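Colleague: Dumping the structure here so I can ask a few things about it.
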Amino acid sequence: MAEHQGLSVHADPAAERLWTGATIITFVRTIASFALCLVGVWQEELVWLVVGLGVYWVGDMADGAYARRFDCETRIGGVMDMLCDRLNCAAFYLGFAALQHEMILPVAVYLFEFMVIDFFLSLAFLAWPIRSPNYFYVVDARIYRWNWSKPAKAVNSSLFAVLLLITGWWWLGLIIASALVVLKCVSLKWLLELGLPVPERAPA
């Protein structure tokens, strides 16, 4: 089996479960971030949205680090993490667009990229016996490099938000979001060329 920092990259069916220390962190950060974003919209204060975004980012790093440190990284946890990421992301960006209407178009393009195309790409790891997309390099190094390597994650998840918040330029956000759509569509093309393996049917 392939190894990564001393841990197997392959999933162990016997270890699959919903409740681990990592998934508890995921649920806590999701609820906290979502609540802070709701407060931001209710109070019409951007600062609460930014704090909610920060809680989401820090919590997302913490649950992954915990899972790897204590070897409780599961496919169930990986899927839950993806779903919670998108809930937190939508809460922030929809709230952001509600407060700053000129950001509606770039936010709409970004959410389409992250919640539709990227979600499909991320779920594709389930077609192989690996723990999460973090180990997709054993399937296809090129797709992994452009989507789940550390630099790719930083660009895909934080560059858009940081530049929007710092510059306030909707057109720059639209350019970045559109570039991400192109990148994800190219990655999707590579994935479809690779093909998704179909699990063998169980004996009748």
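The values are calculated or read from the model by the stated rules, or taken from the named source; none is laboratory data. What you are looking at is a predicted structure, and each value in this text was computed from that prediction instead of being measured. Neighbour counts run over all protein chains shown; Cβ positions are idealised from the backbone, glycine included. For the accessible areas, the whole protein counts, side chains as well, though only heavy atoms, and no ligand, DNA or RNA atoms are used. Shrake-Rupley method; radii C 1.70, N 1.55, O 1.52, S 1.80 Å.
Colleague: Could you say whether any residue in segment 93-112 is among the acidic types (Asp, Glu) and within 21 Å of Leu191 (Cα to Cα)?
Modeller: The answer is no, given that none of the residues of segment 93-112 is among the acidic types (Asp, Glu) and within 21 Å of Leu191 (Cα to Cα).
Colleague: Which of the residues belonging to segment 71-92 are polar (S, T, N, Q) and either at pLDDT below 95 or under 11 Å from Ala22 (Cα atoms) (or both)?
Modeller: Correct list: Thr74 only.
Colleague: If you don't mind, there's one more thing I want to ask. On the given criteria, is Asp81 in a helix (DSSP H, G or I), closer than 16 Å to Asn134 by Cβ and charged (D, E, K, R)? Quick ask: steps written out before the conclusion?
Modeller: Details: in a helix (DSSP H, G or I): yes; closer than 16 Å to Asn134 by Cβ: yes; charged (D, E, K, R): yes.
So Asp81 passes the test.
Residue-wise test of (1) crowded, with 16+ Cβ neighbours inside 10 Å; (2) touching a Pro at 6+ places or on another chain (Cβ under 6 Å); (3) closer than 28 Å to Leu164 by Cα.
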{"residue": "Ala11", "(1), (2), (3)": "yes, yes, no"}
{"residue": "Ala14", "(1), (2), (3)": "no, no, no"}
{"residue": "Trp19", "(1), (2), (3)": "no, no, no"}
{"residue": "Val28", "(1), (2), (3)": "no, no, yes"}
{"residue": "Glu44", "(1), (2), (3)": "no, no, yes"}
{"residue": "Val50", "(1), (2), (3)": "yes, no, yes"}
{"residue": "Met61", "(1), (2), (3)": "no, no, yes"}
{"residue": "Arg69", "(1), (2), (3)": "no, no, no"}
{"residue": "Cys72", "(1), (2), (3)": "yes, no, no"}
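Colleague: So which helices (runs of 4 or more DSSP H) stay within segment 113-195 end to end and still have 2 or more residues that are hydroxyl-bearing (Ser, Thr, Tyr) and either within 30 Å of Leu46 (Cα to Cα) or open to solvent by less than 50 Å² (accessible area, probe 1.4 Å) (or both)?
Modeller: Values: elements: 118-123, 141-147, 150-154, 160-167, 170-194.
In segment 113-195, the matching helices (runs of 4 or more DSSP H) lie at 170-194.
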